[in-house]
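Worksheet: the structure to be examined is printed underneath.
The values are calculated or read from the model by the stated rules, or taken from the named source; none is laboratory data. None of the values given here were measured: they were computed from a predicted structure. Glycine also receives a Cβ, built like all others from the backbone with ideal geometry; neighbour counts cover every protein chain displayed.
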Amino acid sequence: MPRLISFMLTRLAAGAGLGCAVGFVVWNNRFAGMYSAGPTDYYVAQGLFVYLFASMLGVGYLITALMLEDTR
């Protein structure tokens with residue numbers, strides 16, 4: 001695998017993992033409004049909330065790593 005692709009995949013996966021952890025912590029500490037519909041809707045809302053954090057932090061971590069990478 002080319003070096004750039006492996007660099008990007010590892011940084012994106014690391015950021016997404018950190019984002020998932022943050023999303024679960026924020027959801028479980030009730031910083032997000034409690035969802036009062038049925039149990040299926042609750043899990044969908046939690047999944048979307050965690051995905052929001054995972055995608056946002058994954059891309060942010062990747063962009064920051066690319067920006068700060070020393071190319072010499």
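Listed values, structure above:
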quantity: Every residue from the stretch 26-72 that is at pLDDT below 85 and under 30 Å from LEU4 (Cβ atoms); calculated: GLU69, ASP70, THR71, ARG72
quantity: Subset of the stretch 1-19 [over 12 Å from ALA65 (Cα atoms), of a type outside the set (A, V, I, L, M) and surrounded by 14 or more Cβ atoms within 10 Å (Cβ to Cβ)]; calculated: GLY17, GLY19
quantity: Yes/no for VAL22 being surrounded by 15 or more Cβ atoms within 10 Å (Cβ to Cβ), of a type in the set (Val, Ile, Thr), assigned to a helix (DSSP H, G or I) and at pLDDT below 95; calculated: yes
